[in-house]
Structure formats: C-alpha cells, structure tokens
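Engineer: Following this message is one structure expressed as structure tokens.
The values are calculated or read from the model by the stated rules, or taken from the named source; none is laboratory data. Since this is a predicted model, take the numbers as computed values, not measurements. Methodologically, a virtual Cβ is constructed for each residue, glycine included, from the backbone with ideal geometry; neighbour enumeration extends over all protein chains shown. For accessibility, only protein heavy atoms count, side chains too; no ligands or nucleic acids. Shrake-Rupley method; radii C 1.70, N 1.55, O 1.52, S 1.80 Å.
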Amino acid sequence: LIDAQSDRLFSRDADVERAKNAAFRLLAARSRSRNEILRRLRGEDFSGETIQEAIEALERLGMLDDRAFARQWTAHRIEARPAGRMGLERELREKGVHPDLVAEVLDEMLADRDPEQEALALLRTRAARYRNLERDRAVGRMYGLLGRRGFGAEVARAAALSMWREIERNGPDA
C-alpha cells in the first residue's frame, strides 16, 4: 500500500517527468537557453519546484548549457544571418543568457573577425538593390540595414561608403 507521502512523491516525480518530456520536445526542435526552457515550462502550468527539478536534471545531463547555447547561436547567426556584436548581444539577452556570459562568448567568438569586412560582405550580397539609387539614398539604406543588424555606427558608415565606392567602380549594371 502507498501512504500519502509516497503518493505525493510519486505524483511529483510524474510531474517532473512530464516537465522534462516537454523540455525534450522543445530541445528537439533547436538548442535553447535555460531561461527559454524555464519560460516555456512556466507557461505549461508546472509548479516552480517541478520546473526547477526538471531544469536541474537537464543541466546534469548536459542538455541545458547556456555557454554552449550562446556559442552555437552565435556561430549559426554569423553564418546564416550576419549581425554585428550589438545585434548578437541583444538576441542572446532576449534569449535569457546572462550578460556576463554573453560578453565572454562574444569576446571569444568575435576576436579574430573584422566587423567592417563582415558588414561589407553582407552589403555585397545586396549590392543590386543599391546600384540604381542616388548615392545618399543608397548609403542611407545600407547604413540602416547594418544598424538594424547590430553593427556599430562607425562600422556601418565605413562599410556603406566602401560598398558605394565598389558600386561606382563596377558601374550600375555590374
């Protein structure tokens, strides 16, 4: 026979398993930060204690690791949708990664990268959009794109002007 205390433990363990399974489903789609999992589990009506136990179990299994998540997210973003440091910082903070950890990971991963060259490479993929515009309008649009992507003002300005010089050298039909 199961006494009341054992029954509570069993039901709590079942809730923890349900919470872990919910987290597994989320993690199967893509890597997530600890905070993302926490927010999603809170939305599924689990108790705070159940959520905490599930998250701790996932961390012990190595399935939740904010440092690994931040590295993976940054690497993916650099390749798939280039962004400047400020943009990457903003995205990682929105995902709930601690600001100190964000700074560490970005320092490490962006150390050997040239932001102006990365901004210029992004603009080259969109050069055709700017070829038939007047200089000020084209440079303004390039600057705006780079700003929205989190490149700093100086980097955005230098890259936009460099791109415009390339467009002028190559002509409007290049």
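Engineer: Roughly how far apart, in whole Å, are the Cα centres of region 83-146 and region 24-46?
Structural biologist: With region 83-146 and region 24-46 each reduced to a Cα centre, they are spaced 28 Å.
Engineer: So, one more: Per DSSP H run of n ≥ 4, the term is -39500 (n - 2.57); total these for the chain, divide by its residue number, and report the mean residue ellipticity at 222 nm rounded to 500 deg cm²/dmol.
Structural biologist: Here the helix-only value at 222 nm equals -23500 deg cm²/dmol.
Engineer: Also: Could you look at region 69-174 and say what percent of its accessible area is carbon and sulfur, using a 1.4 Å probe and all protein chains?
Structural biologist: The computed percentage sits at 46.
Engineer: I'd like the accessible area for Leu88, computed on protein heavy atoms only with a 1.4 Å probe and all protein chains in place. Round to 10 Å², please.
Structural biologist: Its accessible surface works out to 0 Å², give or take rounding.
Engineer: Contour minus end-to-end for Glu94 and Arg131, with contour as 0.36 nm per residue of separation and end-to-end as the Cα-Cα distance?
Structural biologist: 9.8 nm
Engineer: Shifting gears a bit: Please give the length that would be gained between Arg124 and Leu27 if that part of the chain were fully extended, namely 0.36 nm times their separation in residues minus their C-alpha to C-alpha distance (nm, one decimal). Write out the running numbers ahead of the final one.
Structural biologist: Details: separation 97, 0.36 × 97 = 34.92 nm, distance 3.47 nm.
So the extension gain works out to 31.4 nm.
Engineer: Rounding to the nearest 10 and keeping the result within 0 to 90°, find how far the Cα-based axis of helix 66-80 lies from the longest principal axis of the chain.
Structural biologist: 30
Engineer: Per residue, how much accessible surface does the chain expose to a 1.4 Å probe? Answer in Å², no decimals. Walk me through the numbers on the way to the answer.
Structural biologist: On the way: 10430 Å² over 174 residues.
Result: 60 Å² of accessible area for each residue.
Engineer: What do you get for the angle between helix 99-110 and the principal long axis of the chain? Use alpha-carbon atoms, 0 to 90 degrees, nearest ten.
Structural biologist: 50
Engineer: What distance in nm separates the simple spin-label points at Ile78 and Arg165, each placed 7 Å from Cα in the Cβ direction?
Structural biologist: 2.6
Engineer: Kindly state, as a whole number, the per residue volume in cubic angstrom of the convex hull around the alpha carbon atoms of region 25-174.
Structural biologist: 129
Engineer: With an 8 Å cut-off on Cα pairs and a minimum separation of 6 or more residues, tell me the relative contact order of region 22-119 in percent.
Structural biologist: Dividing the mean separation by the residue count of region 22-119 yields 30 percent.
Engineer: Now for a different question. Can you tell me what percent of all Cα-Cα pairs in region 117-174 are more than 16 Å apart?
Structural biologist: So the pairs more than 16 Å apart make up 29 percent of the total in region 117-174.
Engineer: Hey, what's the per residue convex hull volume over the C-alpha atoms of region 46-92, in cubic angstrom?
Structural biologist: Spread over its residues, the Cα hull of region 46-92 gives 92 Å³ apiece.
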